[in-house]
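One structure is given below, encoded as structure tokens.
The values are calculated or read from the model by the stated rules, or taken from the named source; none is laboratory data. This structure is a prediction, so every number in the text was calculated from the model and none was measured. Every residue, glycine as well, gets a Cβ built from its backbone with ideal geometry; the counts of neighbours run over all protein chains shown. In case anyone asks, the SASA skips ligands and DNA or RNA and just uses the protein heavy atoms, side chains included. Shrake-Rupley method; radii C 1.70, N 1.55, O 1.52, S 1.80 Å.
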Amino acid sequence: MTTSEILAYVKQHPSGKVKIAVADIDGVLRGKYIAADKFAAVIDSRLGFCDVTFGWDMSDVVYDNVKFTGWHTGYPDALVRLDLSTFRRIPWENDIPFFLGEFVLEDHSPVYTCPRQLLRKVMADAAQLGCKPYFSQEFEWFNFSETPDTAHQKHFHDLTPLTPGMFGYSILRSALKNEYMSNLFEWLVKFDIPVEGLHTETGPGVYEAAIKYGEILTAADRALLFKTAVKEIAYKHGIMATFMAKINENLPGCSGHVHQSLWDSDSKQNLFYNDKDPHKMSAVMKSYIAGQLHCLPHILPMIAPTVNSYKRLVEGAWAPTTLTWGIDNRTVALRALPCGEKATRLETRVVGSDTNPYLALAACLAAGLYGVKNNLPLHKEATIGNGYKDTSNGVLPQNLHAATQQMKHSDIAKELFGASFVEHFTLTREWEWRQYAKAVTDWELKRYFEII
């Protein structure tokens, strides 16, 4: 739609308001309603939005260790530029207009803490190499027959799954809660999140959805909005959806696998495909894989951002632990899918459902481009069989603290994303680890209370 058409829709909508949102460092949408008149006044300029967005954690507790903002700055307003290309109608809110924004400075230059702006930076790096990245993210998540009130009353223990039992790809279970599943599929599509597939996954009340691929910024917007949209649609059915990476030690974790390919600047040629190669993989694709294998230990917090992320990355739980790649192998970190001229792509399986899509996609692309830019050879042979046993190229850091320290001191991370972003982001991950380190867990009570 043109700007005039968007303005006409906003003006004519009976609600008289617009919903806007920005993403914080954890990928949590922070937003508000604004009056239609206010929207019309700011679309060609900027909107004030408190910079505490990047000064507190997902629980609204302010960081005590970041420089960008804090008590020392007084938490002033930052400037948000609304992106009219993100215009959507929210079908579960009477088609109210919705827009995403991103943080900018007075001169319109990007704010280094803004995840969407970071992705734009990496996109520009790809453009300089003559590449246009096409990405998509798929998600697994658990659904519970609970409300926020009941979940808090239960202290998040003994929650009732939407459906019982292990029913992956189940036709029966998709029929059992069909109104919810049908609303998900239909409303997400109407919200401009084209879902290619939706099914149950193994685990009580677990669903999985694949989102159609697109240019990388579009793909990231879709992935970010998918998570919040699913939660809001779930509310309509008295359901709570969670994208935690690992909800229970005895059940599989929830992935957020990223599919990716590089195309030429005209989007006509898949640069990952080579018909003459035995595996149909081009030299660009091989260097891209080599780049990710090389960089993953340096950027892991961007695709495994929480303490809980690392509970998923354990052996034998459908999530990788080693720096491996293979052809159509689901036990490795990087699954190459040479599926023909149009569909040849790479799937990064390290990524969990708890990620900030802007950061996860930026990390995958930047790491791959590092390999392309430096013509890294793919010395590591494709893993055949059990990737958990192939430690010849190393293993991933095993917790958020170790991963954060490696990224914090990594020259590669600073080269890929800038020193200012790396400093801010790793400080937020150190904060996250500190909150965990001081907590007394159920495991500790059960293990030590009586016997020690």
Inset, instruction - Could you tell me the accessible area of S420 in Å² (1.4 Å probe, neighbours in place), rounded to the nearest ten? - result: 60
Inset, instruction - Rank these by accessible area, largest first, 1.4 Å probe: M285, M166. - result: M166, M285
Inset, instruction - Would you please calculate the Kirkwood hydrodynamic radius of the stretch 1-52 over all C-alpha pairs and express it in Å, rounded to one decimal? - result: 12.2
Legend entry - Residues N399 and R89, FRET efficiency given R0 of 35 Å [Cβ-Cβ distance, rounded to 0.05]: 0.25
Inset, instruction - Kindly sort D328, D95, D77 by accessible area of their heavy atoms, largest first, with the probe set to 1.4 Å. - result: D77, D328, D95
Inset, instruction - Grab the other residues whose beta carbon is less than 15 angstrom from that of G203, score K and R as +1, D and E as -1, and report the net. - result: +1
Legend entry - Span from the the stretch 349-380 Cα centroid across to the the stretch 190-255 one, whole angstrom: 22
Inset, instruction - Once you have all Cα-Cα distances for the stretch 27-163, histogram them in 10 Å bins from zero and send the whole-percent values. - result: 9, 27, 31, 26, 7, 0
Inset, instruction - Using just the helices of the chain, give the 222 nm mean residue ellipticity in deg cm²/dmol: DSSP H runs with n ≥ 4 each add -39,500 (n - 2.57), and the total is spread over all residues, rounded to 500. - result: -10500 deg cm²/dmol
Inset, instruction - Report the local net charge at K154: Lys and Arg +1, Asp and Glu -1, summed over other residues whose C-beta lies under 15 Å from its C-beta. - result: -4
Inset, instruction - Would you mind putting 114-127, 48-61 in packing order, based on average other-beta-carbon counts within 10 Å, highest first? - result: 114-127, 48-61
Inset, instruction - Would you kindly find the accessible area of R46, with a 1.4 Å probe and non-protein molecules such as ligands, DNA and RNA excluded, rounding to the nearest 10 Å²? - result: 50
Legend entry - Accessible-area ranking of E347, E249, largest first, probe 1.4 Å: E249, E347
Inset, instruction - Please work out, to two decimal places, the log10 of the ratio I(q)/I(0) at q = 0.12, 0.19, 0.23 Å⁻¹ from a Debye calculation in which every Cα of the stretch 314-431 carries one identical scatterer. - result: -0.49, -1.23, -1.54
Inset, instruction - Express the relative contact order of the stretch 1-157 as a whole percentage, based on alpha carbon pairs under 8 Å and six or more residues apart in sequence. - result: 19
Inset, instruction - May I ask you to give the percent of accessible area on the stretch 300-365 that is carbon plus sulfur, with a probe radius of 1.4 Å? - result: 53
Inset, instruction - State, to one decimal in nm, how far the label point of A439 lies from the label point of E196, with both points 7 Å from Cα in the Cβ direction. - result: 3.5
Inset, instruction - Please find the FRET efficiency linking D264 to D411, where r is the Cβ-Cβ separation and R0 is fixed at 41 Å, and quote it to the nearest 0.05. - result: 0.85
Inset, instruction - Could you provide, to the nearest whole Å², the per residue accessible area of the stretch 296-395 with probe 1.4 Å? - result: 34
Inset, instruction - Between K32 and I327, take the C-beta separation as r, use R0 = 35 Å, and let me know the FRET efficiency to the nearest 0.05. - result: 0.15
Inset, instruction - Quick one: compute the contact order of the stretch 281-374, relative version, from alpha carbon pairs under 8 angstrom and 6+ residues apart, as a percent. - result: 37
Legend entry - Within the accessible area of the stretch 72-202 (1.4 Å probe), percent carbon and sulfur: 55
Inset, instruction - Would you calculate the separation in nanometres between label points at F449 and Q12, each defined as 7 Å from the Cα along the Cα-to-beta-carbon direction? - result: 6.2
Inset, instruction - Output the pairs from K19/K227; K227/K311; K19/K132; K32/K177; K154/K177 with a Cα-Cα distance over 22 Å in this structure; if there are none, say none. - result: K19/K132; K32/K177; K154/K177
Legend entry - Stokes-Einstein D in µm²/s, Kirkwood radius over Cα pairs - the stretch 81-157 at 4 °C with 1.567 mPa s viscosity: 78
Inset, instruction - Only loop residues by DSSP count here, and only those with at most 16 other Cβ atoms within 10 Å; note down the chymotrypsin sites (Phe, Trp or Tyr not before Pro) in the stretch 281-358 that meet that. - result: W318
Legend entry - At 0.692 mPa s and 37 °C, Stokes diffusion of the stretch 239-388 via Kirkwood alpha-carbon radius, µm² per second: 210
Inset, instruction - Net charge near H237: determine it from the other residues with C-beta under 14 Å of the C-beta of H237, scoring Lys and Arg +1 and Asp and Glu -1. - result: -1
Inset, instruction - Normalising by the residue count of the chain, find the relative contact order in percent from Cα pairs under 8 Å and 6+ residues apart. - result: 15
Legend entry - Candidate values (1) 62, 60, 52; (2) 62, 53, 45; (3) 69, 51, 43, label of the one derived for Cα extents along the principal axes in Å: (1)
